[in-house]
Amino acid sequence: MKQEYFEIGQIVNTFGIKGLVKVKPFTDDLERFEELKSVFVVKNKELIEMQIEEVKYHKNLVLIKFKGIEDMNMAEKLKGCYIKINRKDARKLPEDTYFIADLIGIKVYDDEGNFLGKVDDIYNNKVHDIYVIKDDLGKQILLPSTKEVIKDIDIDNDKIVVHLINGLI
């Protein structure tokens, strides 16, 4: 099932005394934040829409000034909150690329039809993405996202087909 909202970062701290927050981004494209006029902050399991006044950068973090957050004490209350955007506000992806949120939990089968588990996580090892597949017993398989291994991704039918090369598991 496709998610309606995507996490794009987490507020990790305050910055300065004028209400800016430090955000650890969950996107490769930091400039993405400059295109957003508002985001949803998840506080106490509620989505609170907040207007963005300003975006800056500090090291590998994004600094955001939200409208109405005027000092460090107000910003402190947002610490630890996740930032989400609506799927309709997400950038269009190139063909054969997917949102990680849509892949987590999808069922994985080998090319002989054997169920291997579900996608539990995806991370990047600088060369390519690694799919972490976990079966019902908690055993993990790590699969590189190469054309030799990942044969078919069918989001609508909740299914990925992979080819297990010797030495992968």
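Using a 1.4 angstrom probe, figure out how much accessible area the chain has per residue, in square angstrom, rounded to the nearest whole. Walk me through the numbers before you get to the answer.
On the way: 10790 Å² over 169 residues.
Each residue of the chain exposes 64 Å² on average to a 1.4 Å probe.
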**Most mobile of Lys22, Lys59, Lys84 in a GNM of the chain (Cα contacts under 10 Å)** = Lys59
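Using Cα pairs closer than 8 Å and at least 6 residues apart in sequence, work out the relative contact order for the chain, in percent. Provide the component values of the computation, followed by the final result.
Details: 322 pairs, mean separation 32.7, N = 169.
Once normalised by length, the contact order is 19 percent.
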**Fill in**
Which of (i) 42, 30, 29; (ii) 59, 32, 29; (iii) 40, 34, 30 gives Cα extents along the principal axes in Å as computed here? It is (ii)
**Request:** Give me the number: length gained by fully extending Asp154 to Asn125, i.e. 0.36 nm times residue separation minus the C-alpha to C-alpha distance, one decimal in nm.
**Result:** 8.1 nm
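Loop by DSSP (not H, G, I, E, B), at most 16 other beta-carbon atoms within 10 Å: where is the longest site-free stretch of the chain for chymotrypsin sites (Phe, Trp or Tyr not before Pro)?
The segment 27-97 is the longest one with no such site.
Restricting to bridges with both residues inside the chain, how much of the DSSP beta-bridge set is antiparallel, in percent to the nearest 5? Before the final figure, lay out the partial values.
Values: 48 of 52 bridges.
If I count the DSSP bridges inside the chain, around 90 percent turn out antiparallel.
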**Asked** At what distance in angstrom do the alpha carbon centres of segment 22-65 and segment 90-104 lie from each other?
**Response** 20 Å
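Which loop GluC sites (Glu not before Pro) in segment 1-106, with loop taken from DSSP, have no more than 16 other Cβ atoms within 10 angstrom of their Cβ? Can you show the working numbers first?
Values: sites: Glu4, Glu7, Glu31, Glu34, Glu35, Glu46, Glu49, Glu53, Glu54, Glu70, Glu76, Glu95; in loops: Glu4, Glu70, Glu95.
In loop regions of segment 1-106 (DSSP not H, G, I, E or B), the sparsely surrounded GluC sites (Glu not before Pro) are Glu4, Glu70, Glu95.
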**Item:** Residue of Asp96, Asp152, Asp110 that the Gaussian network model of the chain assigns the largest fluctuation, springs spanning Cα pairs under 10 Å
**Value:** Asp96
**Message:** Check which residues have an amide H placed less than 5 Å from Lys151's amide H, if you skip close sequence neighbours.
**Reply:** Val161, Val162, His163
**Beta bridges by DSSP in segment 77-166, antiparallel share as percent, to the nearest 5** = 80 percent
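Please give the calculated 222 nm ellipticity per residue for the chain, where each DSSP H segment of at least 4 residues contributes -39500 (n - 2.57) and the sum is spread over every residue; nearest 500 deg cm²/dmol?
Working: 2 runs with 9 residues, N = 169.
Mean residue ellipticity at 222 nm (helix-derived): -1000 deg cm²/dmol.
The values are calculated or read from the model by the stated rules, or taken from the named source; none is laboratory data. Since the structure is predicted, the reported quantities are computational estimates derived from the model, not experimental observations. FYI the Cβ positions are ideal-geometry reconstructions off the backbone, even for glycines, and counts take in every protein chain you see. To get the accessible areas, we keep the full protein, side chains included, count just its heavy atoms, and leave off ligands, DNA and RNA. Shrake-Rupley method; radii C 1.70, N 1.55, O 1.52, S 1.80 Å.
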